[in-house]
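To start, the structure itself, in structure tokens.
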Amino acid sequence: MKADPAVQLRLLDLQGADTELAQLAHRREHLPELAALAESDQQAEQLSGQVLDLQAQLDDVADDQRRLENEVETVQTRTKRDNERLTSGGLPAKELEGLQHEITTLARRQSALEDDLLEVMERRENIDSELAALTQRQQALATERADLEARRDAAFAEIDAGTTRRGAERSQIAGDLPADLLTLYDKIRANSGGVGAAMLRLRRCEGCHLELAGSELNAVRAAAPDDVVRCDNCRRILVRTGESGL
Ligand SMILES: [Zn+2]
């Protein structure tokens, strides 16, 4: 393939633009904020699970509390009724004894129920404070997330502006190149880690960093300035400049 030496030099500008575009794309994909956001999502999900679990526990405790309160009320009603019968007088001795026995039993029952009730209320308080702590962590996480999103968006905006600018430069350079040379360059670039053209500097291919020697060096030296030469080792287009050391 033949191409004017000035056109071949433009390949290095094209390569510079493509390398920067690839770096920008890589940076966009690997922003530290993206990993931090994924981590934050995971934490938020975990916290939501814990909140749901505690809310279920709270429902159970509330049921227990209602049940105990109802029982206390029943015991109190019964005690009140017994006391009324006791004070109304006129009861036979046997019935009186039975009534006093029941009042004692009811008092013990009420005391036990009230102990249980206290325990349930204590559990409820513990769950409430755990829930409050979790809510606080959720809020802190949401604040942190908003901050991460803002930083991600700022980085995206900067990267996208750079991509647009370099992309326009790339199109302009590519538009100046002959189609066959551009096709060859793009094909090599796709198969060679993003580098299609490399400068020959001090007899070294800057694509694979091997130094040209022997018959290969002689062939490059003998090539006409408008011959498109390629590295024998990496097959990239070798662009000759004043620094090639030929
Ligand atoms: Zn090479």
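The values are calculated or read from the model by the stated rules, or taken from the named source; none is laboratory data. Quick caveat: nothing in here was measured; it's all calculated off a predicted structure. Ideal geometry is used to build each Cβ from the backbone, glycine not excepted, and the neighbour counts take in all protein chains shown. These area figures cover heavy atoms from the full protein model, side chains too; ligands, DNA and RNA do not enter into them. Shrake-Rupley method; radii C 1.70, N 1.55, O 1.52, S 1.80 Å.
Taken over segment 205-229, the criterion of being in contact (Cβ under 8 Å) with a residue 12 or more places away in the chain, near the ligand (Cβ under 9 Å from one of its atoms) and more than 15 Å from Gln15 (Cα to Cα) is satisfied by Leu210, Leu212. When each of Gln136, Gln172 is tested for being away from the ligand (no atom under 16 Å from the Cβ), in a helix (DSSP H, G or I), open to solvent by 70 Å² or more (accessible area, probe 1.4 Å) and farther than 30 Å from Gln50 by Cβ, the lone residue that passes is Gln172.
Glu158 fulfils the conditions (1) over 60 Å from the mean Cα position of the chain (by Cα); (2) free of Cβ contacts under 8 Å to residues at least 12 places away in the same chain; (3) open to solvent by 90 Å² or more (accessible area, probe 1.4 Å) except for a single criterion, (1). The residues listed here are Leu113, Leu117, Leu148; of these, the one that is under 23 Å from Leu37 (Cα atoms) and assigned to a helix (DSSP H, G or I) is Leu148.
If you check Arg151 against the conditions, is it basic (Lys, Arg), modelled with pLDDT of 95 or more and either within 16 Å of the ligand (Cβ to nearest atom) or open to solvent by less than 30 Å² (accessible area, probe 1.4 Å) (or both)? Taking the combined requirement at face value, the residue does not satisfy it.
I'm checking my understanding of the structure. Among residues of segment 231-246 that are near the ligand (Cβ under 10 Å from one of its atoms), touching a residue at least 40 places away in the same chain (Cβ under 8 Å) and open to solvent by less than 90 Å² (accessible area, probe 1.4 Å), which one is nearest to Ala190 (Cα to Cα)?
Arg236
For the residues Leu117, Leu131, Leu86, the requirement of being over 30 Å from Ala155 (Cβ atoms), open to solvent by less than 90 Å² (accessible area, probe 1.4 Å) and in contact (Cβ under 8 Å) with a residue 60 or more places away in the chain singles out Leu131.
So for segment 197-204 (the condition being in contact with a helix residue (DSSP H, G or I) (Cβ under 8 Å, 6 or more places away or on another chain), of a type outside the set (A, V, I, L, M) and within 12 Å of the ligand (Cβ to nearest atom)), does at least one residue qualify? Within segment 197-204, one or more residues are in contact with a helix residue (DSSP H, G or I) (Cβ under 8 Å, 6 or more places away or on another chain), of a type outside the set (A, V, I, L, M) and within 12 Å of the ligand (Cβ to nearest atom).
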